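Below you'll find the structure, written out as structure tokens, and then a few comments.
Values in this text are rule-based calculations from the coordinates and carry no lab data. All values derive from a computational prediction rather than experimental measurement. In this analysis, Cβ positions are derived from the backbone assuming ideal geometry, glycine residues included, and neighbour counts consider all displayed protein chains.
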Amino acid sequence: MTEIICPYCGSSIITSFPEKFQPCASCGYSSAQIESSSGNYLIIDSQLPDLMKVYDHLSRKMGRMILIDRRVSYRDVAGADRRS
Ligand SMILES: [Zn+2]
């Protein structure tokens with residue numbers, strides 16, 4: 001298990017799969033954190049209010065690539081939610 005920090009509310013999220021897009025138990029918005037050889041990415045929830053403000057804020061604060069999830073439905077089984 002890994003602890004990640006919710007980028008929106010700062011709560012800790014304990015997960016086995018930080019790279020899987022999943023909702024925070026505190027604020028309900030989803031995020032995922034991808035660490036790969038091509039860089040580190042934070043994927044944020046397209047349902048967030050003030051999405052572009054959050055995007056700006058997080059990209060300044062975290063210094064990593066921010067991607068906005070555009071999938072309408074993302075509650076797939078583990079491993080099956082990768083876009084190709
Ligand atoms: Zn949260």
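Quick notes
- Hull volume per residue, based on the alpha-carbon atoms of the range 1-68 and their convex hull, is 80 Å³.
- Potential extension, residue 55-residue 2 segment - 0.36 nm per residue separation minus Cα distance: 16.7 nm
- Order of 19, 3 under a 10 Å beta carbon neighbour criterion, fewest first: 3, 19
- Burial ranking of peptide ranges 22-35, 48-61 (average Cβ count within 10 Å, highest at the top): 22-35, 48-61
- Here the calculated FRET efficiency for residue 38 and residue 12, from their Cβ-Cβ distance with R0 = 35 Å, stands at 0.85, rounded to the nearest 0.05.
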